[in-house]
1. Looking only at the stretch 33-71, which residues are open to solvent by 40 Å² or more (accessible area, probe 1.4 Å), under 15 Å from the mean Cα position of the chain (by Cα) and touching a residue at least 40 places away in the same chain (Cβ under 8 Å)?
2. Hey, among GLU3, GLU29, which residue is open to solvent by 50 Å² or more (accessible area, probe 1.4 Å) and modelled with pLDDT of 90 or more?
3. Can you give me the number of residues within the stretch 40-51 that are more than 18 Å from ALA102 (Cβ to Cβ) and either charged (D, E, K, R) or not in a helix (DSSP H, G or I) (or both)?
4. Regarding the stretch 66-77, can at least one residue be identified that is in a loop (DSSP other than H, G, I, E, B), at pLDDT 90 or above and charged (D, E, K, R)?
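The values are calculated or read from the model by the stated rules, or taken from the named source; none is laboratory data. Just so it is clear, the structure is predicted and the values come from calculations on it, not from any experiment. In this analysis, Cβ positions are derived from the backbone assuming ideal geometry, glycine residues included, and neighbour counts consider all displayed protein chains. Heavy atoms of the whole protein, side chains included, go into the accessibility calculation; ligands, DNA and RNA do not. Shrake-Rupley method; radii C 1.70, N 1.55, O 1.52, S 1.80 Å.
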Amino acid sequence: MYEPIRSKSVHSTMADGTTDFPHRSRGEELDIQLAGHLAALLTVTDELRALAPGTDLDTAADRLAEQVTRLRGGLAPARLEVAATRPKACPAALHRRAHTLA
């Protein structure tokens, strides 16, 4: 025979409307994803700057850092110290990786 459920369901539905954690909007989720992609591109750009310093790469890296900071609500991204680091990757491979990320 059928016995009615006596306890509250462990599965919640959207109709419940009661949640105990904050939800982000679609725009906020997209900002988080974009910040991650731009931070990855910034990392590759900093590696390229370490191999072949130039004002164009410096400008691009600074603009990427500004956008990541904006998208993260003021939290600045981690940056690679160009003077202290010499990546072992070849520039062509880094360029391909940057194009893939972009």
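1. Residue satisfying the conditions is HIS37 alone.
2. Answer to the check: GLU29.
3. Selection size over the stretch 40-51: 0.
4. Yes, the conditions are met somewhere in the stretch 66-77.
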